[in-house]
1. Within the range 103-122, can you find the residues that are open to solvent by 50 Å² or more (accessible area, probe 1.4 Å) and more than 20 Å from Ser38 (Cα to Cα)?
2. Can you tell me which of Ala144, Ala151, Ala100 is open to solvent by less than 40 Å² (accessible area, probe 1.4 Å) and at pLDDT below 95?
3. What is the number of the single condition among (1) at pLDDT 95 or above; (2) open to solvent by 50 Å² or more (accessible area, probe 1.4 Å) that Thr44 does not meet?
4. For the range 68-97, what are the residues that are exposed (fewer than 14 other Cβ atoms within 10 Å of the Cβ), part of a loop (DSSP other than H, G, I, E, B) and not acidic (Asp, Glu)?
5. Among the numbered criteria (1) assigned to a helix (DSSP H, G or I); (2) surrounded by 15 or more Cβ atoms within 10 Å (Cβ to Cβ), which one does Glu39 miss?
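The values are calculated or read from the model by the stated rules, or taken from the named source; none is laboratory data. Note that the structure is a prediction, hence the values are computed from the model and not measured. Cβ placement follows ideal geometry from the backbone for every residue including glycine, while neighbour counts extend to all protein chains displayed. Remember, those area values only see protein heavy atoms, side chains included, never the ligands or the DNA or RNA. Shrake-Rupley method; radii C 1.70, N 1.55, O 1.52, S 1.80 Å.
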Amino acid sequence: MKLRLISSLLIVSLFAFGSVRFAHARSSDASALLKMESEFQKATAEKGWDGYVTFLADDSVELPNGESAVKGKEAIRKYLGEWTPGMSLTWKATGSDMAASGDLGYTYGEYTFKSKDKDGHPVVRYGKYMTVWKKQKDGSWKAAVDMGNNAPPHEAQ
């Protein structure tokens with residue numbers, strides 16, 4: 001009887017500790033996505049759209065606000081156009097999560113896009129975004145789907 005009770009407690013303990021480790025690993029993976037998001041933003045700040053597309057999967061999809069989906073890394077790069085002087089895109093992830101499988105996750109947050117209109121006047125747009133990240137065959141992470149929508153400054157900051 002005592003042996004059966006001890007065995008049962010041991011099995012329950014193993015499951016409990018295993019769950020804690022899994023939860024920690026999942027949380028750590030989600031944190032890795034936040035780090036990836038930061039690197040994505042840094043590459044964009046340093047290299048413009050050319051830096052931006054380095055984080056996209058070849059078959060990625062961009063879902064621009066109020067427009068049709070743009071499919072494929074090359075098509076997205078063409079859609080983005082020229083990175084002009086005075087242009088900047090900054091964003092900050094405010095959350096992330098990882099699938100239990102460990103091969104798919106997402107980040108979301110707020111962005112600020114600065115550019116100039118055709119007359120050279122400053123234009124600032126604020127918004128919210130979500131990026132779906134997918135682990136690639138080589139173990140790297142790439143953005144599979146990226147989308148954003150405009151928001152008033154008080155919502156996006």
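1. Lys116, Asp117, Lys118, Asp119, His121, Pro122 - these are the residues of the range 103-122 that are open to solvent by 50 Å² or more (accessible area, probe 1.4 Å) and more than 20 Å from Ser38 (Cα to Cα).
2. Details: Ala144 fails: at pLDDT below 95; Ala100 fails: open to solvent by less than 40 Å² (accessible area, probe 1.4 Å).
Matching residue, one of Ala144, Ala151, Ala100: Ala151.
3. (2)
4. The answer is Ser68, Ala69, Gly81, Thr84, Pro85, Gly86.
5. Tallying (1) assigned to a helix (DSSP H, G or I); (2) surrounded by 15 or more Cβ atoms within 10 Å (Cβ to Cβ), Glu39 fails exactly one: (2).
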